[in-house]
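Comments concern the structure below.
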Amino acid sequence: MAGRNAASVTGPTPASALAARRAGLLLFSGEDHLGSHWARLILCEKDVDGVAIEWIKGDIVNEDWMTLSPRGELPTLADREVVLYPARLVVEYLDERYPHPPLLPVEPASRARVRMVQHHISTHLYDLAEAGLASGQGAQKARKALEEELIGLARMFPARGFFMGNEMTVVDTAWAPLMWRLPSLGIALDSVDGMRAYADRLFARGAFQRSLSSVERNLAA
């Protein structure tokens with residue numbers, strides 16, 4: 001994704017993030033962050049060329065990032081004069097900016113259903129996952145709540161194809177980063193009927209493999 005290669009999360013980052021911003025797409029991304037991973041996956045599914053990735057690491061201050069996103073939102077996308085965050089808005093912008101392949105249905109009712117499901121995953125379920133991955137007192141409670149949500153959705157995980165039908169949508173791109181982290185949350189993919197096979201289909205996609213940071217890739221080790 002960085003440099004002039006096809007979409008991938010590897011490669012050199014620019015010496016100056018703001019200089020890269022003037023040249024094209026720049027994504028400020030966490031190395032192991034759900035929303036950041038989602039945005040990177042969209043870029044890889046769209047096979048967007050020439051994207052610079054600026055990695056935000058731990059407590060290291062990134063002045064360019066703080067200039068563009070004073071509250072420190074991840075991911076933050078800069079496209080010349082446009083600066084966007086959080087993940088949901090970044091994903092919507094990228095899907096409109098790069099319409100092929102489309103990740104939303106053309107028909108209005110179907111599009112609305114996809115957006116409704118995607119919103120539930122990327123807000124409620126992502127929030128539970130982030131809380132479960134944290135070290136706070138509520139981590140165990142969040143993990144339990146997330147597992148119960150997944151069990152409640154078991155009948156919806158498809159035996160074939162994708163979550164909303166035969167075509168991949170933004171819903172599948174939201175599921176993939178979350179499911180990749182379930183083992184780290186103590187939730188086995190086999191614990192919910194149909195989830196393992198669905199997740200494995202998403203993980204096997206070339207775009208998903210290219211979207212992984214080195215830290216995220218090690219989550220499967």
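The values are calculated or read from the model by the stated rules, or taken from the named source; none is laboratory data. Values in this document were obtained by computation on a predicted structure and should not be read as measured data. Cβ: placed from backbone, ideal geometry, glycine included. Neighbour counts: every protein chain shown. Accessible surface areas use protein heavy atoms only, side chains included; no ligands, DNA or RNA. Shrake-Rupley method; radii C 1.70, N 1.55, O 1.52, S 1.80 Å.
What about GLY152, is it more than 22 Å from HIS100 (Cβ to Cβ) and surrounded by 14 or more Cβ atoms within 10 Å (Cβ to Cβ)? When the stated conditions are applied, GLY152 does not pass them. Scanning region 88-109 for residues that are in contact (Cβ under 8 Å) with a residue 24 or more places away in the chain and not aliphatic (A, V, I, L, M), which turns out farthest from VAL48 (Cα to Cα)? Among residues in region 88-109 that are in contact (Cβ under 8 Å) with a residue 24 or more places away in the chain and not aliphatic (A, V, I, L, M), the one farthest from VAL48 (Cα to Cα) is PRO105. Which residue is most open to solvent (accessible area, probe 1.4 Å), if the candidates are limited to region 124-139 and must be of a type outside the set (A, V, I, L, M, F, W, C) and modelled with pLDDT under 95? Residue satisfying both the conditions and the ranking: GLN137. If only residues of region 73-87 that are more than 13 Å from TRP38 (Cβ to Cβ) and touching a residue at least 24 places away in the same chain (Cβ under 8 Å) are counted, the one that is most open to solvent (accessible area, probe 1.4 Å) is ARG80.
Annotation note: of ARG181, ARG143, ARG201, ARG155, the sole residue that is out of contact with any Pro (no Cβ under 8 Å at 6 or more places or on another chain), at pLDDT below 95 and either more than 16 Å from ILE42 (Cβ to Cβ) or not aromatic (Phe, Trp, Tyr) (or both) is ARG155.
Total residues in region 56-72 satisfying the condition of being part of a loop (DSSP other than H, G, I, E, B) and surrounded by 13 or more Cβ atoms within 10 Å (Cβ to Cβ): the figure is 3.
The helices (runs of 4 or more DSSP H) located wholly in region 125-221 that include 2 or more residues which are basic (Lys, Arg), free of Cβ contacts under 8 Å to residues at least 40 places away in the same chain and more than 24 Å from ARG113 (Cβ to Cβ) occupy 139-152.
For region 85-111, filtering for residues that are in a helix (DSSP H, G or I), hydroxyl-bearing (Ser, Thr, Tyr) and more than 14 Å from THR169 (Cα to Cα) leaves 1. Within region 96-123, the set of residues being of a type in the set (A, V, I, L, M), open to solvent by less than 50 Å² (accessible area, probe 1.4 Å) and under 30 Å from PRO183 (Cα atoms) comprises LEU103, LEU104, VAL114, VAL117, ILE121.
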